[in-house]
1. Condition (residue is in contact with a Pro (Cβ under 7 Å, 6 or more places away or on another chain), crowded, with 16+ Cβ neighbours inside 10 Å and aliphatic (A, V, I, L, M)) applied to the range 314-335: is it met by at least one residue?
2. Among what's in the range 271-290 and is among the hydrophobic types (A, V, I, L, M, F, W, C) and assigned to a strand (DSSP E or B), pick the residue that is farthest from the chain's Cα centre (by Cα).
3. Just one of GLY60, GLY79, GLY14, GLY92 is on the phi > 0 side of the Ramachandran plot, touching a residue at least 24 places away in the same chain (Cβ under 8 Å) and over 16 Å from the mean Cα position of the chain (by Cα); which is it?
4. Answer yes or no as to whether GLY130 is more than 15 Å from the chain's Cα centre (by Cα), surrounded by fewer than 21 Cβ atoms within 10 Å (Cβ to Cβ) and over 30 Å from ASN88 (Cα atoms).
5. Any chance the range 232-252 includes a residue that's at negative phi, more than 24 Å from the chain's Cα centre (by Cα), not basic (Lys, Arg) and not assigned by TED's automatic domain parsing to the domain that holds VAL27?
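The values are calculated or read from the model by the stated rules, or taken from the named source; none is laboratory data. Just so it is clear, the model here is predicted, and its values are computed rather than measured. Cβ atoms come from the backbone with ideal geometry, glycine included; neighbour counts cover every protein chain shown.
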Amino acid sequence: MKNVALNDTHIALGAKMVPFAGFNMPVQYSGINIEHETVRKAVGVFDVSHMGEFILKGEGALDLIQRVTSNDASKLFDGKIQYSCLPNENGGIVDDLLVYRIDEKTYMLVVNASNIDKDWDWISKYNTGGVEMINISDRTSLLAVQGPKAAEALQSLTEVDLSAMEYYTFKKGVFAGVENVLISATGYTGAGGFELYFDEEHSEHIWNAVFKSGADFGIKPIGLAARDTLRLEMGFCLYGNDIDDTTSPLEAGLGWITKFSKSFVNSENLAAQKESGVTRKLIGFEMIERGIPRHDYEVFDASGNIIGKVTSGTQSPTLQKAIGLAYVKTEFSKEGSEIFIGIRENKVKAQVVKFPFK
């Protein structure tokens, strides 16, 4: 089990630590609902240093990325970020990831912690052009500072104009006196904010500086449990739950990052799937009757036939109702469709709704 650089800091703050993707990680500090509300209304800090980062460099870097990812990375410019996925050869997804264009020949890929080795091997398999690949995961720390007050809370620490940064762009600069910090206008909460990438030796200094700068804005440390409820309210996919090696990006509603203007791994089969139509879709639903849906609960139609399976579910702290994601047969995926979730021995009524949940 690995520890992030700030492991002792989290323990000192009273965090409940749990194993996650091979790391000891803080799952909560003051409580899920309090932490969730802090991010929605003010600003909170997640230590997500368990995530993986790869640098791809050289003449063929873009060609390699184009070959292994579903989105069109040729549309990127310096300082621009793209959400994408790594399709496998069987119609599923190796991982979802972010692609950062540092310059014309240099890119950073940010991958899920549980898939670092798997993704490295997968990309290496297609690296027939001698692209230099550097795995910087073990020496990179990542803090996600999320919430509507994030820009104000952090602005005193950098000369980069945070409020002027557009969504899915990044800048490198001095942050809290540390050079070469990558400041990214991204996040996994839907609440706005930034993600900070830096060498792990600066972890404690930057953590302390962020909390000092954000003190007047109600800044708090936030654990992975609230990260999950926040992303679920937005309908964001979680790898291993909502997408995996068996789920097509088209089934998962990720057609918008699947560009057939280029050739990529399994693109012909995915294009054929788009043409013929998928037989199941990932949908959002809210419970009409009382009950909390959980991962792997079965989904039924009104006649009691199994039509799918829940992939994520929770009681939404913001909306004060139970919500979830599920794969269901396509004919039940339309907004307003009535479905039933198998909770214990009961079939509990729910309704298909659009993302984000409201």
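1. yes
2. MET287
3. GLY79
4. On the way: more than 15 Å from the chain's Cα centre (by Cα): yes; surrounded by fewer than 21 Cβ atoms within 10 Å (Cβ to Cβ): yes; over 30 Å from ASN88 (Cα atoms): no.
Here the answer is no, as GLY130 does not meet what is asked.
5. no
Conditions tested, residue by residue: (1) among the acidic types (Asp, Glu); (2) surrounded by 18 or more Cβ atoms within 10 Å (Cβ to Cβ); (3) touching a Phe, Trp or Tyr at 6+ places or on another chain (Cβ under 7 Å).
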residue: ALA164; (1), (2), (3): no, no, no
residue: TYR188; (1), (2), (3): no, yes, yes
residue: GLU204; (1), (2), (3): yes, no, no
residue: LEU230; (1), (2), (3): no, yes, no
residue: SER267; (1), (2), (3): no, no, yes
